[in-house]
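Novice: Following this message is one structure expressed as structure tokens.
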Amino acid sequence: MKIRKARTGDVAVISDFNLRMALETEHRRLNRPRVRRGVTALLKDGAKGAYFLAEEKGVVAGQLSITTEWSDWRNGNFWWIQSVYVAPEFRQRGVFRELYAHVHKLAKSRRDVCGLRLYVEE
């Protein structure tokens, strides 16, 4: 499994995964063009966050994004893990674990990151 930072050429797969996640988790049908614009905006502006993709043999198996939240209590940024999605055919194979490990390692290498946060529904 290869983990890499997403590029603008990944807009279609990320948008599709976000639409699928909303339908699966909240039974919501999101507006595809709006989601695509939102993903594009984040990918073009690193201050908004970043997406990371897990690939197996060139196929995107899963994703997560990170956004930042400043903590005055800790004088550092929390990285919020968001937009987590693993394609059904790749579930139960450690895809999220690999994505999380990658982001955790990145966060530990930076002095401005004081922690990771993730809310989970179940």
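Novice: Could you list all residues from the range 70-111 that are assigned to a strand (DSSP E or B), open to solvent by 20 Å² or more (accessible area, probe 1.4 Å) and under 21 Å from Ile14 (Cβ atoms)?
Specialist: Scanning the range 70-111 gives Trp80, Gln82, Ser83, Val84, Val86.
Novice: Turning to a different aspect of this structure: With the requirement that a residue be in contact (Cβ under 8 Å) with a residue 12 or more places away in the chain, open to solvent by 30 Å² or more (accessible area, probe 1.4 Å) and farther than 25 Å from Ala107 by Cβ, what does the range 16-25 give you?
Specialist: Within the range 16-25, just Arg20 meets the criteria.
Novice: Oh, and also: Which of the residues spanning the range 26-52 are within 23 Å of Val120 (Cβ to Cβ) and free of Cβ contacts under 8 Å to residues at least 40 places away in the same chain?
Specialist: Glu26, His27, Arg28, Arg29, Leu30, Val35, Gly38, Val39, Leu42, Lys48, Gly49
Novice: Next question, about the same structure. Of the residues that sit in the range 26-69 and are in a helix (DSSP H, G or I) and closer than 19 Å to Leu99 by Cβ, which one is most open to solvent (accessible area, probe 1.4 Å)?
Specialist: Looking at residues that are in a helix (DSSP H, G or I) and closer than 19 Å to Leu99 by Cβ, I get Leu43.
Novice: Give the number of residues within the range 5-15 that are in contact with a strand residue (DSSP E or B) (Cβ under 9 Å, 6 or more places away or on another chain), surrounded by fewer than 20 Cβ atoms within 10 Å (Cβ to Cβ) and part of a helix (DSSP H, G or I).
Specialist: So the answer is 2.
Novice: Pull out all pairs, ordered by first then second residue, where Cβ-Cβ is under 9 Å, the residues are six or more apart or on different chains, the first lies in the range 108-120 and is in contact (Cβ under 8 Å) with a residue 24 or more places away in the chain, and the second is hydroxyl-bearing (Ser, Thr, Tyr) and part of a strand (DSSP E or B).
Specialist: Qualifying pairs under 9 Å: Asp112/Thr68; Val113/Thr68; Cys114/Ser71; Gly115/Ser71.
The values are calculated or read from the model by the stated rules, or taken from the named source; none is laboratory data. The model shown is predicted, which means the values in this text are computed figures rather than measured ones. Glycine also receives a Cβ, built like all others from the backbone with ideal geometry; neighbour counts cover every protein chain displayed. Ligands, DNA and RNA are excluded from the accessible area calculation, which covers all protein heavy atoms including side chains. Shrake-Rupley method; radii C 1.70, N 1.55, O 1.52, S 1.80 Å.
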